[in-house]
């Protein structure tokens, strides 16, 4: 479409809005699908009736179910490196380095972090119900949700000398220190598991990641709190998707408004050109066929101040200056008189006789 174009900044904003809204909508649908599956998932107590339920189920398997029980290690539990009295079944140790990096654009020091070392340990464990019925938890490291708590956290700050301070300002980096953390899933903790519950041929009960690709959860909070957190996450993804889509729509409306303005200006200019030609024909008719038509002399004595080749054939209102030809008037970048810079409200032809 002639005249319809998108500027670079508008194109970048529109593309970014489209990509970001699609990204947010994808995560919203993913969380909403998980919420729907959670609402449909049965809540099974860990007791003697659990095996009977699975025996009556096709394939002795429930693809998505919710169970809650106490964590109990199958063998020797893991012991905290910093609190010997703390035992658990999952352990994660992480050492992170914190630095300040000089940003020349914002003229500020920005915090930077990188992982220096990470170690994850696990031992087999089960979820135990009130009557000592147990369900073994498989692949716990693949599960989503907060299922470990911080048992140790310490920041080792670096002490600087004068030479270190000078070197930091020259290099643009300041080492703040190292943060060591330890997280554990403690033995005896109440754990909510959401996944596939299976009765094996040996009579043991297992909780594992769903075979249909549904999200696998292990969480220290109860089911209602877990669902509330997922619902809040889905809500904010939805808000971000809508906001990004509205931003893209606003860009499109802005481009459409500019194009509509251009069309309106073109129509006004075309109508003004027709009116000018009509008035010029009428002026020539009134002047009669015997009117002087010495174009060379007219161009020299009454030349347009812009092109210097055509005669001045229009008067600019409201200032009343007669200084240019109509073609140069149409080519003005702004509707302002080239002599006094006043706004031009109307233009009328003149005919010298």
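The values are calculated or read from the model by the stated rules, or taken from the named source; none is laboratory data. The model shown is predicted, which means the values in this text are computed figures rather than measured ones. Counting neighbours? That spans all protein chains shown, and the Cβs are built from the backbone with ideal geometry, glycine included.
In region 1-24, the residues that are outside any loop (DSSP other than H, G, I, E, B) reach residues that are at pLDDT below 85 with C-beta atoms within less than 9 angstrom, at least six apart or across chains, in these pairs: 14/6.
Given the structure, is residue 68 closer than 30 Å to residue 151 by Cβ, assigned to a strand (DSSP E or B) and within 34 Å of the chain's Cα centre (by Cα)? When the stated conditions are applied, residue 68 does not pass them.
Taking residue 322 as the residue in question, decide whether it is surrounded by 10 or more Cβ atoms within 10 Å (Cβ to Cβ), modelled with pLDDT of 65 or more, within 15 Å of residue 350 (Cβ to Cβ) and within 57 Å of the chain's Cα centre (by Cα). In short, yes.
Residues in region 157-183 that are assigned to a strand (DSSP E or B) and either outside the structural domain of residue 102 (by TED's automatic domain parsing) or surrounded by 12 or more Cβ atoms within 10 Å (Cβ to Cβ) (or both): 173, 174, 175, 176, 177, 178, 179, 180, 181, 182, 183. Taken over region 142-156, the criterion of being closer than 30 Å to residue 35 by Cα and not in a loop (DSSP other than H, G, I, E, B) is satisfied by 142, 144, 149, 150.
Here is a yes/no grid of residues against (1) surrounded by 13 or more Cβ atoms within 10 Å (Cβ to Cβ); (2) over 16 Å from the mean Cα position of the chain (by Cα):
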{"position": "227", "(1), (2)": "yes, yes"}
{"position": "230", "(1), (2)": "yes, yes"}
{"position": "234", "(1), (2)": "yes, no"}
{"position": "238", "(1), (2)": "yes, no"}
{"position": "255", "(1), (2)": "yes, yes"}
{"position": "261", "(1), (2)": "no, yes"}
{"position": "266", "(1), (2)": "no, yes"}
{"position": "270", "(1), (2)": "no, yes"}
{"position": "276", "(1), (2)": "yes, yes"}
